[in-house]
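Trainee: The structure under discussion is supplied below as structure tokens; questions concerning it will follow.
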Amino acid sequence: MGTSTLIAAIAGALVGGLLTLTVVAALRFARGSRELGSDGEQATYRTLHLASRAAENLRGGLADEGAVRAARHLRTLLACDILAIADARGAVAIDGPGESLREFVASVVAEPFDGARTRVLPVPVEARVATLWAIAAPIIVDGAVAGVVIAFAGSRHAPMVRATGEVAGWV
């Protein structure tokens, strides 16, 4: 009788262990199917989501209040310190701690753009506290410059310049 009890206990432990492993595996599988996928897929989704939100807010044009909301999404998308959207009159929207940059933004818009080229400009000392660069990309509508997207960052690097140009291209 002692041997059969021992065999039943071992069999029960094995069945219990297999049952536990099955439940754990099923939970991991179920959780995994709710996620968006790999890190790259999640980054793509975040990027498209931010671009979609910005585009939605810009449907009314640059003069609309939506430009202020779009600037917030574009600043997150470009991962810059400050983002400004401007038209011929000057800054339409500034997201981030950049109210002191309004005159600088107006001066960038006042200078004619050489085609659709993005410009990288140092921000004057009186308009900033720390080292700051302005990456200004023209918004082209029907072949003419309708405005400018300006990303302000502590450093200037090629991916930021390219990304700012791409954002201005679809704004």
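Trainee: Do you know which residues across the range 128-171 are surrounded by fewer than 14 Cβ atoms within 10 Å (Cβ to Cβ) and aliphatic (A, V, I, L, M)?
Mentor: 129, 130, 141, 144, 158
Trainee: Which members of the range 69-89 meet the condition of being surrounded by fewer than 18 Cβ atoms within 10 Å (Cβ to Cβ), modelled with pLDDT of 90 or more and small (Gly, Ala, Ser)?
Mentor: 79
Trainee: Step by step: first the residues of the range 53-68, then only those that are in a helix (DSSP H, G or I) and without any contact (Cβ under 8 Å) to a residue 24 or more places away in the chain, then the one that is least open to solvent (accessible area, probe 1.4 Å). Which residue is that?
Mentor: In this case the residue turns out to be 66.
Trainee: Any residue at all in the range 120-127 that's charged (D, E, K, R) and surrounded by 18 or more Cβ atoms within 10 Å (Cβ to Cβ)? Can you show your working first?
Mentor: Start the filter on the range 120-127 by keeping residues that are charged (D, E, K, R), which leaves 126.
Okay, now just the ones that are also surrounded by 18 or more Cβ atoms within 10 Å (Cβ to Cβ), so none.
Looking through the range 120-127, none of the residues is charged (D, E, K, R) and surrounded by 18 or more Cβ atoms within 10 Å (Cβ to Cβ).
Trainee: Turning to a different aspect of this structure: Which residues, counting only those in the range 120-150, are of a type in the set (A, V, I, L, M, F, W, C) and more than 18 Å from residue 89 (Cα to Cα)?
Mentor: 120, 121, 123, 125, 127, 129, 130, 132, 133, 134, 135
The values are calculated or read from the model by the stated rules, or taken from the named source; none is laboratory data. No experiment lies behind these values; they were computed from the predicted model shown. Methodologically, a virtual Cβ is constructed for each residue, glycine included, from the backbone with ideal geometry; neighbour enumeration extends over all protein chains shown. Heads up: the accessible areas ignore ligands, DNA and RNA and are worked out on the full protein's heavy atoms, side chains in. Shrake-Rupley method; radii C 1.70, N 1.55, O 1.52, S 1.80 Å.
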